[in-house]
Amino acid sequence: MNIGIVCYPTYGGSGVVATELGMALAKKGHKVHFITYAAPARLDIFQPNVYYHEVSFQNYTLFEYPPYETALASNIVDVVKYQKLDIVHVHYAIPHASAAYIAKQILKEEGIDLKVVTTLHGTDITLVGKLPAYTPVVAFSINKSDVVTTVSESLKKDTFENFNITNEIEVIPNFIDFTRFTKEDKDHFKKAIAPNGEKILIHVSNFRKVKRVADVVCTFEKIIEGGLKAKLLLVGDGPERVNIEQMSRDCSLCDNVTFLGKQEKIEELLAVADIFLMPSESESFGLAALEAMACEVPVISSNAGGIPEINIHGETGFLSNIGDVEDMAKNAILLLKDEEKLAKFKENALKQAKKFKIDAILPIYENSYKKALAKK
Ligand code: GMT
């Protein structure tokens, strides 16, 4: 198939899933055209069958806000016509699904029947999408897509609850590429971070409020107060980072907390970790937690959104109510003090992650494209 992929090219979340899906489809022989405003972070442009079309939008003195959606729709029309795309798969509803709808209508006038698959990822439904400023357009473009998918059952439920949806929704979970996310031997690195055999906890996010990174620090503080020797690695960057750095100084945790900023080789950091912390307020899936599990790292998380669909309480980690840092710390201490239990949870985490292997999920996406193409 000749597939267009529209996504945000930024770190984390929907852009990562879209990019890895596109590259895997290209490896299987499909031609994949990325249509974005910048090259996606994880995109290997020099791979056969992968093409990148940068959305060009000309600015004008009248525009306080350049009309990205108009530029994107025009670019989709152009790429579909000249690269003869069969289908466009948009990731994250705003504004990609409505831009694809506009493109579809323009192409229809020219006798081209473009099929659109929309994948909803999370905050496009649970946070920003449900703001009154966007709701009518989000609902309309979901209903007008040929196929709609969500990354978890929880997000499917949220979509029906928050919008007036008349379309069907199929759940296709996110996936793991085990050629990348596999525990490697990084003992030398572990010794450098934790020279006295301290346990290593890790958190990876874009440091937005929804991630509740302050709860990571509070949980860690309680673990230290509980008498455990441990180190905390904080990976990523975003609006809350400055506050969190101040907070860790205020709790005198500086010696045990390392801020690593944005990192490419997350798998190398996960290789040295004993526990992954994800206390999010809202999380449609929690791909970062699944990546940790693939690297044999159990997860201490909140029970928000789709997290319970991947992190199994008492097997691959533990779930606590949002904000219950006492419980998260108690669970972490329970695991970290019992080597046998920790080893069992590491094994379970890997076993669970294997259910989300990319090879199993890819054919489900291919089927959804076939379903869209068969639509009248
Ligand atoms: O929250 C992010 O990191 C970005 C956001 C996105 O849509 O770009 O992530 C969402 O999509 C990811 C991939 O499907 C999911 O793993 C995340 O759980 C989800 N984030 C939220 O729901 C807050």
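Taken together, the values in this text are just the output of simple stated rules run on the coordinates, not laboratory data. These figures come from a predicted structure and were not determined experimentally. Neighbour counts run over all protein chains shown; Cβ positions are idealised from the backbone, glycine included.
Some notes on this structure:
- Centre separation in Å (Cα based) which lies between region 39-72 and region 74-118: 15
- Of the cross-linked pairs LYS144/LYS354; LYS191/LYS337; LYS199/LYS351; LYS157/LYS209, those separated by over 28 Å at the C-alpha level are LYS144/LYS354.
- Entries in LYS84/LYS370; LYS156/LYS330; LYS190/LYS344; LYS27/LYS346 that, when Cα-Cα distance is taken, lie over 25 Å: LYS156/LYS330; LYS27/LYS346
- For the chain, there are no membrane-span-like helices by this rule, meaning no whole DSSP H stretch whose C-alpha atoms cover at least 27 Å of axis and whose Kyte-Doolittle mean is 1.6 or above; this says nothing about an actual membrane.
- The length gained by stretching the chain between LYS376 and LYS84 to full extension, at 0.36 nm per residue less their Cα-Cα distance, is 103.2 nm.
- Low-density loop cleavage sites - chymotrypsin sites (Phe, Trp or Tyr not before Pro) in region 48-135, where at most 16 other Cβ are within 10 Å (DSSP): TYR60, PHE63, TYR134
- Rh by Kirkwood over Cα pairs, then Stokes-Einstein D for region 71-219 at 1.306 mPa s and 10 °C, µm²/s: 87
- Of PHE207, HIS53, TYR65, farthest towards positive along the dipole that unit charges on Lys, Arg, Asp, Glu beta carbons give the chain: HIS53
- Residue-normalised convex hull volume from the C-alpha trace of the chain: 145 Å³ per residue.
- Peptides 320-333, 34-47 ranked from most to least packed, by the mean per-residue count of other Cβ atoms within 10 Å: 320-333, 34-47.
- Charges were assigned to the Cβ only: +1 to each Lys and Arg, -1 to each Asp and Glu. The resulting dipole of region 187-356 about its Cα centre is roughly 180 debye.
- Cβ-placed point charges (K, R +1; D, E -1), dipole of the chain about Cα centre in debye, nearest 20: 740
- Between amide H atoms placed 1.01 Å from N, distances below 5 Å from THR150 occur with LEU120, GLU170, VAL171, ILE172, all of them 5 or more places distant or on a separate chain.
- The chain: calculated mean residue ellipticity at 222 nm from DSSP helix runs of at least 4, using -39500 (n - 2.57): -13000 deg cm²/dmol
- CYS7, CYS254 arranged by Cβ crowding within 10 Å, fewest neighbours leading: CYS254, CYS7
- Of the GluC sites (Glu not before Pro) found in region 221-299, the ones in coil according to DSSP and having at most 15 other Cβ atoms within 10 Å of their Cβ are GLU264.
- Loop trypsin sites (Lys or Arg not before Pro), region 71-149 (other Cβ atoms within 10 Å of the site Cβ: 15 or fewer; DSSP): LYS84
- Region 169-253 - charge dipole about Cα centre, Lys and Arg +1 at Cβ, Asp and Glu -1, debye rounded to 20: 120
- For the chain: relative contact order, % (alpha-carbon pairs under 8 angstrom, 6 or more apart): 14
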